[in-house]
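See structure below.
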Amino acid sequence: MNHWIKGVSSYAADIDGLFWLVTALIGFWFIVAQGIVIYFALKYRRKEGVKAAYITGKTWRELSWVFIPVVLVVMCDGWIDVATASVWHNVKETLPTADHKVGVMGQQWAWTFSHEGPDGKLGTPDDIVTVDDLHVVVNKVIHVDLQSKDVLHSFSIPVMRFKQDTIPGRSITGWFKPTVPGVYDVQCAEICGLGHGYMAARITVQTQADYDAWMKAVAAGATALPGAPAASPAPAAAPATQVPQK
Amino acid sequence: MTSSSVHADAAPEADSHAHHAPQSFWSKYIFSVDHKIIGLQYTLTGIFMAVVGVYMSYVFRMHLANPAAHIPFYGVLSPAAYNSLVTNHGTIMIFWVAMPILLAGLGNYCIPLMIGCDDMVFPRVNRLSFQVFFLSTVLLLVGFMAPGGAFGGAWTSYPPLSAKVEYNLTPHGNVIWLLAVALEIVAFLLGGINFVTTAMNSRAKGMKMFDMPVLVWMIVIATIIFMMSVGPLVAGAVMLLLDQTLGTHFFAAQGGDPVLWQHLFWFFGHPEVYVLLLPELGVVCEIICVFSRKPLFGYKTIVYTTFMVGILSMIVWAHHQFIAGIDPRMASIFSLTTIIISIPVAVIMFAMIATLFKGSIEFKVPMLWAIGLIVEFLLGGVTGIYLGSSALDVYFHDTYFVVAHFHYTLIPLVAFGGFAIFTYYFPKVTGKMLDERLGRIHFWGSAIAFNFIFIPLFFSGLAGEHRRIYDYSGFAELTTPHMQSLRTMATHALLVMIAFQIPFVINVIKSLLKGAPAGANPWKANTLEWTADSPPPHGNWAELPEVYRGPYEYSVPGREQDYWPQNAAN
């Protein structure tokens, strides 16, 4: 799917590969079925003096016209199911060991991100907390701990092919491994009220050196929250709080 | 009265069918117990709500094409109004357009006529059903006048957003919305009882179960699916109402579970798709047979696979929740069942296509809509495979790809199917023929414009654009000129599609005033409704018909005529 959107996580290629597999299989059936409908519609137009054939489809011989294609459809379905289960297993059912952990808190209508502080642990006072501005290191497995303060939200990073609802009262762990440095969109994918469309954030994927520099800068000016300047050149869209006035 | 004695004791009204005393306007058209009038009441209410629903889509599509601009016939759209329009567009199109037109309107009008009886088994329950439905319609629209505005938490109404006023900011709108939906469901339960009972008990003399037109089977199976799946939703609605009004915690994070609602909602919500699909497939079967002069291919096979669709539709619901926080191992099971349901649907589609084989096809307007339905629905059907695949759904969930997918299933069903029904039965209902040329202009204009609305949205979704977003300016990847051009194209195509409804309106008015008289059987069809007068009188037939054969005996070898009505003795 790179034609429409970049894929910058370790499993983006798996999901995109599945996309093309499904496209090829259903594309075949789609074209065959459409072709037959249109061919029949044109070929068997009413002609004077020609009577339609009396075919009821009651015998097995006639029904085989339907059931043989259906058996082939079943085989394609099986192929898609197996491929799906394999990708799903890698993406959602397994959890590789974390290199970094990030806390994600959804609320109406902003994302709060907690990064591990200098001590390398999440949940300690030296955590670096930002709003709508997430920083991660390239080629590291990132665990995101997803929570919500109020309603359902959905933490979605399209370029990572990552999406997971956040639910009040629960803590859900997801993972991704970014592979290309850059600044990308984070969207809220579950309608969450008046400011749902404004719940935009940015994720900055950077090298270890850039990340350390960013961390130092934030730690030095601890008041530089929220939305500390990103190390990589960010596009024009402002990442900071855009919560509309009620 | 003897021939309808099967249900003579069902309602006192049954007696009045025998002698048709002149009725006042009110008792004939407003408080009628006649199944045909009730069917038309449902249909006309549905058409009115369709206009309301299309107007809503017009407003938010105009906004998306040109954010913050002044929209003609509306004004400037606020985020709160955007949410409530998106929410109510979905709610209205499913519950107040598709359901009343495809299930209630069609079922009420056609079942008694197709099985050869004079009315539903419980005519007054039927009247009550429409009255409850009408009340629910009024209630839903009143929501827009409530202080704080109409509910804006999406048609799925996920708590906690829908449960607490401090989250959704619509103190009355959310309660009114929920009550309206609950009432609407009550109405369809009342109507559904009639559909099943009537089809089982009131068939004409000589009509066996497998002599019923497939449309009747489809409506009966759809009704059974509806009745089996709706219970949990009603229970959920009551719990949500208690959460909203009394502060209980069924769906709250503390003491309850927000995800529970999603299970209850989708346990109903997915079978609901098949509730809408099946009557439409039935109509397409009828129309294809009539206009290709062929017997339906594999009639019994279609009926049996339809039952399989019904059963499978009960165990696919969690594919709406792959990323909603359910156990990932569960997702694989639901992914499997979802993809399996493509098998019986494929059987039905292939059988319909096989019916065309070696036919004598005449493209009258109803046939254009029916074939158009098959062609367009195929794209909606196959794109469902992407979303049924759990691993792909991680990416596609809640993007415009989903929006394009379900519009490619629902618009063929509701709009294409609706117009197929309308143009096919217009001669029966009014006694007048529609104009073919205006009908063809209407079909081709609408069908082509429809594709230009939703194909761009598939590509928006592929590029990662999420649904229900008021303002894309915060997302760098979505503000490019290319992404905006997709949105604009969809909006322009919508305007074209709306404009192409004008020939339809002209056609209806013109044909009502001076259309050619239709006669009883303008399409030379076999089924019983075409043996009644057009329009059929109260009681349908002076003497109820007797049935000698199945409904699809077209082009029988050795017969001079290429049709053989079910009630013809020879």
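The values are calculated or read from the model by the stated rules, or taken from the named source; none is laboratory data. Given the structure is predicted, the values throughout are model-derived calculations rather than measurements. All Cβ positions, even for glycine, are placed from backbone atoms using ideal geometry, and neighbour counts span all protein chains on display. Quick note on the areas: whole protein, heavy atoms, side chains included, nothing else; ligands and nucleic acids left out. Shrake-Rupley method; radii C 1.70, N 1.55, O 1.52, S 1.80 Å.
Just a few scattered comments:
- If you go through region A:137-179 and pick out every residue that is farther than 27 Å from residue A:193 by Cβ and aliphatic (A, V, I, L, M), you end up with 4.
- Residues within region A:70-105 that are in contact with a Ser or Thr (Cβ under 6 Å, 6 or more places away or on another chain) and away from every other protein chain (no Cβ under 11 Å), tallied: 2
- Checking each residue in region A:1-15 for being open to solvent by less than 20 Å² (accessible area, probe 1.4 Å) and in contact (Cβ under 8 Å) with a residue 40 or more places away in the chain picks out A:5, A:8, A:9, A:11, A:12, A:15.
A quick yes/no check of all residues on (1) among the small types (Gly, Ala, Ser); (2) part of a strand (DSSP E or B); (3) more than 17 Å from residue A:109 (Cβ to Cβ); (4) more than 15 Å from the chain's Cα centre (by Cα):
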| residue | (1), (2), (3), (4) |
| --- | --- |
| A:180 | no, no, yes, yes |
| A:183 | no, yes, yes, yes |
| A:205 | no, yes, yes, yes |
| A:219 | yes, no, yes, yes |
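- Against the test of being at pLDDT below 95, surrounded by fewer than 21 Cβ atoms within 10 Å (Cβ to Cβ), among the acidic types (Asp, Glu) and not assigned by TED's automatic domain parsing to the domain that holds residue A:36, the options A:150, A:81 yield a single qualifying residue, A:150.
- Residues that are within 14 Å of chain A (Cβ to nearest Cβ) and out of contact with any Lys or Arg (no Cβ under 6 Å at 6 or more places or on another chain), drawn from region B:526-559: B:526, B:549, B:550, B:551, B:552, B:553, B:556, B:557, B:558, B:559
- Residue-level check: of (1) within 8 Å of chain A (Cβ to nearest Cβ); (2) within 30 Å of residue A:157 (Cα to Cα); (3) acidic (Asp, Glu), residue B:362 misses just (2).
- Test set (1) closer than 30 Å to residue B:113 by Cα; (2) assigned to a helix (DSSP H, G or I); (3) at pLDDT below 95 - residue B:504 fails condition number: (3)
- The set of residues from region A:27-59 being within 18 Å of residue A:69 (Cα to Cα) and facing chain B (nearest Cβ under 7 Å) comprises A:29, A:30, A:33, A:34, A:36, A:37, A:40, A:57.
Listed here are the residues, each with its yes/no results for (1) more than 27 Å from residue B:491 (Cβ to Cβ); (2) more than 8 Å from chain A (Cβ to nearest Cβ); (3) open to solvent by less than 10 Å² (accessible area, probe 1.4 Å); (4) out of contact with any Phe, Trp or Tyr (no Cβ under 9 Å at 6 or more places or on another chain).
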| site | (1), (2), (3), (4) |
| --- | --- |
| B:322 | yes, yes, yes, no |
| B:356 | yes, no, yes, no |
| B:376 | no, yes, no, no |
| B:384 | no, yes, no, no |
| B:411 | no, yes, no, no |
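- One residue stands out in region B:324-335 among those that are assigned to a helix (DSSP H, G or I) and at the interface with chain A (Cβ under 7 Å from one of its Cβ atoms): the one that is most open to solvent (accessible area, probe 1.4 Å), namely B:329.
- Flag if residue B:264 is in a helix (DSSP H, G or I), within 23 Å of residue B:223 (Cβ to Cβ) and open to solvent by 10 Å² or more (accessible area, probe 1.4 Å): yes
- Flag if residue B:144 is surrounded by fewer than 17 Cβ atoms within 10 Å (Cβ to Cβ) and not in a loop (DSSP other than H, G, I, E, B): yes
- Number of residues in region A:175-221 that are more than 14 Å from chain B (Cβ to nearest Cβ), of a type in the set (Ser, Thr, Tyr) and either in contact with a Leu (Cβ under 9 Å, 6 or more places away or on another chain) or over 28 Å from residue A:89 (Cα atoms) (or both): the value is 2.
- Hits in region B:468-521 - residues which are in contact with a strand residue (DSSP E or B) (Cβ under 7 Å, 6 or more places away or on another chain), open to solvent by 20 Å² or more (accessible area, probe 1.4 Å) and within 21 Å of residue B:403 (Cβ to Cβ): B:477
- All conditions but one from (1) open to solvent by 10 Å² or more (accessible area, probe 1.4 Å); (2) more than 22 Å from residue B:82 (Cα to Cα); (3) facing chain B (nearest Cβ under 9 Å); (4) out of contact with any Asp or Glu (no Cβ under 8 Å at 6 or more places or on another chain) apply to residue A:167; the one that does not is (1).
- Qualifying residues in region B:535-566 (those that are among the polar types (S, T, N, Q) and surrounded by 21 or more Cβ atoms within 10 Å (Cβ to Cβ)) - the one farthest from residue B:521 (Cα to Cα): B:555
- Residue that is surrounded by the most Cβ atoms within 10 Å (Cβ to Cβ), among those in region B:205-249 that are more than 25 Å from the chain's Cα centre (by Cα), touching a residue at least 12 places away in the same chain (Cβ under 8 Å) and in a loop (DSSP other than H, G, I, E, B): B:207
- Filter result (assigned to a helix (DSSP H, G or I) and open to solvent by less than 50 Å² (accessible area, probe 1.4 Å)) within region B:115-136: B:115, B:123, B:125, B:126, B:129, B:130, B:132, B:133, B:136
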